[in-house]
1. Accessible surface of C:MET1 in the full protein assembly, 1.4 angstrom probe, to the nearest 10 Å²?
2. Using a 1.4 Å probe and ignoring any ligands, DNA or RNA, find the accessible area of D:LYS241 and quote it in Å² to the nearest 10.
3. Counting heavy atoms of the protein chains only and a 1.4 Å probe, report the per residue accessible area for the protein assembly as shown as a whole number of Å².
4. If you take the square roots of the eigenvalues of the alpha-carbon gyration tensor of the range A:81-276 and sort them as a ≥ b ≥ c, do you get rounded (a/c under 1.5), prolate (a/b over b/c) or oblate?
5. Partner chain Cβ atoms within 10 Å, averaged over the residues of B:182-189 - can you pull that number for me?
6. Along the axis that rotates chain D into chain C, which residue of chain D has the nearest beta-carbon, and what is the gap in whole Å?
7. Inter-copy label distances at A:GLY14, 7 Å along the Cα→beta-carbon direction, one decimal in nm, shortest first?
8. Can you list the copy-to-copy distances for B:GLU118, using a point 7 angstrom from Cα toward Cβ, in nanometres, shortest first?
Number of protein chains: 4
Amino acid sequence: MDYVLKIDCKDEQGLIYRIADVVFKYQLNIIKNDEFVDPEKHRFYMRAHLSGDMQEEAFKGTLRAMLPSDANIFLSLVRKKNIILLGTKETHCIGDILLKHDDGDLKANILAIISNYESLRPLAEKFNISYHCVSHEGLSRHEHEQKILEVLNSYENIDFLILAKYMRILSSEFVKHFEKKMINIHHSFLPAFIGANPYKQAYERGVKIIGATAHFVTDDLDEGPIIAQDVIHVDHSMGWKQMQRAGRNVEKVVLSNALDLALEDRIFVHENKTVVF
Amino acid sequence: MDYVLKIDCKDEQGLIYRIADVVFKYQLNIIKNDEFVDPEKHRFYMRAHLSGDMQEEAFKGTLRAMLPSDANIFLSLVRKKNIILLGTKETHCIGDILLKHDDGDLKANILAIISNYESLRPLAEKFNISYHCVSHEGLSRHEHEQKILEVLNSYENIDFLILAKYMRILSSEFVKHFEKKMINIHHSFLPAFIGANPYKQAYERGVKIIGATAHFVTDDLDEGPIIAQDVIHVDHSMGWKQMQRAGRNVEKVVLSNALDLALEDRIFVHENKTVVF
Amino acid sequence: MDYVLKIDCKDEQGLIYRIADVVFKYQLNIIKNDEFVDPEKHRFYMRAHLSGDMQEEAFKGTLRAMLPSDANIFLSLVRKKNIILLGTKETHCIGDILLKHDDGDLKANILAIISNYESLRPLAEKFNISYHCVSHEGLSRHEHEQKILEVLNSYENIDFLILAKYMRILSSEFVKHFEKKMINIHHSFLPAFIGANPYKQAYERGVKIIGATAHFVTDDLDEGPIIAQDVIHVDHSMGWKQMQRAGRNVEKVVLSNALDLALEDRIFVHENKTVVF
Amino acid sequence: MDYVLKIDCKDEQGLIYRIADVVFKYQLNIIKNDEFVDPEKHRFYMRAHLSGDMQEEAFKGTLRAMLPSDANIFLSLVRKKNIILLGTKETHCIGDILLKHDDGDLKANILAIISNYESLRPLAEKFNISYHCVSHEGLSRHEHEQKILEVLNSYENIDFLILAKYMRILSSEFVKHFEKKMINIHHSFLPAFIGANPYKQAYERGVKIIGATAHFVTDDLDEGPIIAQDVIHVDHSMGWKQMQRAGRNVEKVVLSNALDLALEDRIFVHENKTVVF
């Protein structure tokens, strides 16, 4: 059996020794191991890929007894995660994920696609993915989100909710249900050009580089912990629609990279920052 | 003789024909020619590298008669420009420019270095460049800037004033003296992390990319027309001082690229944007 | 009506004037204009986006009379091009093109997909694109290519043939049929790692950057004129299969960018190099 | 006291536990720790930044007793390294290193600059660095290298020899003296454009990206283990001299980054590849 073990806690002397000791005593192999101590926050992060047989709860219990009381211990079998895609009308990010899924190249089962429009249904149907149109027409934000939650609740064991160009703002209440489990792709190099129509903003400002940012969604719109970012060079000859078009390639690649990291349990979130191994 | 001709004006049918006609009649060779029509602003931009002999004023007059009344016509012999460097304490940008200058690899004469500290004097002396320390101690902003202006006025024909990590804010009054002639390097990917200590801001925000921006200085701090930008990838393992250190390589390269563009008269500024050929 | 006019010829004084003169006399608007003179080869390149009504042959004839005898004059209505995709088994490049096509975001009609395997048929069917499996099993190269040509000949007005991870070498004879019309994506930063399994080669060599190259196909395998290239950073922790996986994102974006350039008639080929406006 | 400990050996179960055990028993703090197991070569790499007081030889002896017999154990106090720069005529890489050194921003003492020309002497003198011109005129390769070795032998404890655009080929015999201690900057993205004048080669080939590579020098010219690489985009409008000029910025930054990694003992070399933490 293959496991991912993630531990983060305040730093102390001997942590690696204590953890290695427990791993050794449970006769587990360390296939891959990453550590990082944040020198400013004095926080220890470790991710290990383990192989072997174990009593999961017993192992976690032994570890917990050796670690500082604030330790987060995450242990997961290496397995395909369950994800749901949330979109609006744009196809490039969702299509990219569907292609990879169809190819067997994604460590995830796509349980469903949810959108507030019918626009993405043909794409979902091409790839035989359940599609739920939850229109926001005539509904308050609260009512709309309740309807989305109803759909989500009809699925079990959702590991991640992927906002693949979902263009509506989600309430704090909704966000709370998917803390550190909801990933958004924002169509700018955050924190530049927060808010609506970032390509137009970038064009108006005359920047020479545009980008995209994948981040966990938190209460603060466009302010959640950043997982991945990338950029491309642009110049004066590009209008904002051309920037937008060129930006789509960046968006889908950045979201795809962030999704891979999430699916392999490579991301730690502490306060508003990520540690990514 | 080699000339750079730059024209920008509202777009009209036949502009290229009319300009090419004048150039042809003056028996000038077009060595290189770039044009751009901004489709949103309906503005025409042209930069030509011409060779031949001409009566400059006559040529400009003939052109002016053929062009819309709002046309900016810039004509300059290809020559080394005169620049003055303004710094504070950091050496990486100024040192990089001095090295290129010393190497004969810069199309500019460095007339002087001005700083509000003595820190850069040893570097200036290594390269035999006049150094003026104009301390701000005990002076109001206005008084300090007056003293800097006095130094600047002792030099003739300054083409560009280069703020190579000058860390004080300049007043609108001062800026007015060097409109479209003063280039600043800002140590972030603008418009992200405007203001003080951008690397600390970037670190706190947990971004995965940092950068630098060279721009013309205008009244609005950190808001002037952008000339050049570049970025590098960073990760959680870098504290803000490491980001700052890594960022210095980006800063000096971006400033160097922007300076090259300015020295070759490749930049147009219209409203708050640049067109760069 | 909108046209793209492309001219390349040996450089001479007054070319721009003469061309602008003809354009002016035909009362055509220049929407966008790019020129370049190669200073080493003394060759002139111009691409103009024109709008207006014209007798195409008359216009070209008038131009020809004004230009050096070696001039290539290309004039094309702005229209959707007809393309055929040639693949083997991998889906990422073809899928990416199909998604864009389906989205109405590609200036092309995809006439068909041809492969030497059945593997891509399900993908083609999802998007309702004609699929031709032309197996190479038991055939000589010549016989196999003849069969592909038969399929190709059943379509009219093919503008470009896109080798979207087609993994077989094409003969000179075949290549001759699609000179400057056949674009290949090579899974390395050419000229590094020419030939088979470039990711394995890159891994073995321990490079810190991998990339992809889109180029026109010529007689010399992997040696044709380069249209577009891009790269990503890699490190020691990536095995060659991980490099290959990461590289796929680069491959599809580079091919997509090269295809856009081709579809908009932005590429000149002279000898073994491209000029791209 | 601060130490860097580097261990590489064939992988075995329990290595981390055993090492952590020794570190714990010597009451050393682990400030930073990186590990990597190469899954193809089954080789274990670890670099730890330790703090505490120790008997160095005893500590290494205890470690050695716990590790596979092929283990390389490197232990070094965190200190400024001693380097010598070897150049020919170009100033950009050497100047960049001198500026950083002068700024106190380099974890190294520059003992001397050696060149086969007098060209770099003025630069060395500006920064008060000993300069040795060892002309190759009239000498065989062997004789010339002997003279360089004489100069090198007059310095003690040289940690790294930096080939900062040294344009002569070194013999196997010479290279043997500085195995894994000699870093070269090659002015191309290796393995593309090996050999002389790579910018000209890149120009002739029409590539859209150029780069630079820092690598350890081995017997095989331009084939040593790669430490760092970076690239920039270029286009048809750049002649090879412009590529060369633009490339210099890449060269100096890549060499600077590789030098930092070497000075902090972050690089492992195994066979022809590096592992860089």
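The values are calculated or read from the model by the stated rules, or taken from the named source; none is laboratory data. Owing to the predicted nature of the structure, the values given are computational and were not obtained by experimental measurement. Don't worry about glycine lacking a Cβ; one is built from the backbone with ideal geometry, like all the others, and counts go over all protein chains shown. These accessible areas exclude ligands, DNA and RNA; they are computed on the full protein's heavy atoms, side chains included. Shrake-Rupley method; radii C 1.70, N 1.55, O 1.52, S 1.80 Å.
1. 120
2. In the full protein context, D:LYS241 sits at about 140 Å².
3. On a per-residue basis, 40 Å².
4. Rounded shape, in that the Cα axes give a/c under 1.5.
5. 1
6. Nearest-to-axis residue on chain D, with distance in whole Å, is D:ALA192, 2.
7. Sorted ascending, the copy-to-copy spacings read 2.1, 9.1, 9.2 nm.
8. 3.6, 8.0, 8.6
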